[in-house]
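Heads up, the thing below is written out as structure tokens.
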Amino acid sequence: MSTVTLKSAREHRVTVPSLQRRKQRGEPITMLTAYDFTFARIFDTAGIDVLLVGDSLGNVVQGQDTTLPVTLDEAIYHTRLVARGASRSLVVADLPFGTFQISPEDALRSAVRCIKEGGAHAVKLEGGRNMSATIERIVCAEIPVMGHVGLTPQAVHRMGGHRVQGRTDDSAERVIQDAHAVQEAGAFAVVLEGMPAELARAITRELVIPTIGIGAGVHCDGQVLVMHDMLGLSDWTPSFVKQYAGLGAAATQAARRFAEEVGERKFPDPEHSYR
Ligand code: KIV
């Protein structure tokens, strides 16, 4: 992308219709998770299209084993921080486990809070055919919904772990039906997680809404990564993750140098002291 194109791309707020036009034009969509103001501003400045306040915050921010304990209040709090740092990116709040499954009305209440209190532009929720009525209800209230099918981390106990989906014909057929159900219910985009690249390619061809892949190969309309994985801040990352920086190692080294210099009374030196 030339400097001029990048600059003009940065000036316009990404919207639900603009993402749909990107699919029609074959222009890849970028999405990263973000959980606070500082990184939201960095990714927004870098031209990332969508900032997802993922319930992965349970893992990477809170240090929990699964995403299941994340509460709606926590999701809203982090969404508010991210929304404050995003001037161009579309902000999507992930509905945590238990905040949308009980009934479509309950789901709508949760989605409304993410928009009103969190400042999100849209919400994401996990599930396919089982979530059709819920997606329809939220969309009817003029709140854009992003779907999420395939490997859905909130179903970790049903799946028996974070298992790639769609490897058998039956399983692939279920994922395809889920993706279609999400589109028919009115979702504006869908995350395809943890599935063979060829399955994601077939779904991407069949759907008119953009697909955003994670561990789903290169043929999706866009790609998403968890920011801690992408920046090298996680202890362990799945094999599909590419680390674009080594911030974890850099931060450890910086903290060690700080501790050494304090221990040796080298910091603060005269340059870093008030006179
Ligand atoms: O919570 C999250 O970070 C997500 C992405 C992995 C898509 O749902």
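The values are calculated or read from the model by the stated rules, or taken from the named source; none is laboratory data. The shown structure was predicted, so the numbers you read here are calculated from the model rather than taken from an experiment. In this analysis, Cβ positions are derived from the backbone assuming ideal geometry, glycine residues included, and neighbour counts consider all displayed protein chains. Note: accessible area is taken over every heavy atom of the protein model, side chains too, but ligands, DNA and RNA are not part of it. Shrake-Rupley method; radii C 1.70, N 1.55, O 1.52, S 1.80 Å.
Couple of notes before you dig in:
- Taking every alpha-carbon pair in the chain and binning the separations at 10 Å intervals from zero gives 7, 28, 35, 18, 7, 4, 1, 0 percent.
- Gap separating the Cα centres of region 137-186 and region 15-42, nearest whole Å: 20
- Per residue, in Å², the accessible surface of region 12-244 once ligands and nucleic acids are set aside, probe 1.4 Å: 44
- Rolling a 1.4 Å probe over the protein heavy atoms of the chain, with every protein chain left in place, gives an accessible area that is 54 percent carbon and sulfur.
- Rg ratio for region 37-188: its Cα radius of gyration over 2.2 N^0.38 Å, N being its residue count, equals 1.03.
- Relative contact order of the chain, taken over Cα pairs closer than 8 Å and 6 or more residues apart, is 15 percent.
- One compactness figure for region 163-224 is 0.97, namely its Cα radius of gyration divided by 2.2 N^0.38 Å.
- For the chain, a crude dipole built from +1 on the beta carbon of Lys and Arg and -1 on the beta carbon of Asp and Glu, taken about the Cα centre, is about 700 debye to the nearest 20.
- Degrees, to the nearest 10: 169-184 long Cα axis against longest axis of the chain: 90
- Site pair A141 and D169 shows an inter-label distance of 4.2 nm when each label is modelled 7 Å from Cα along Cα→Cβ.
- Axis angle, to the nearest 10 degrees, between helix 247-263 and the longest C-alpha principal axis of the chain: 20 degrees.
- Of the peptides 58-70, 196-208, 160-172, the ranking by mean beta-carbon count within 10 Å, highest at the top, reads 196-208, 58-70, 160-172.
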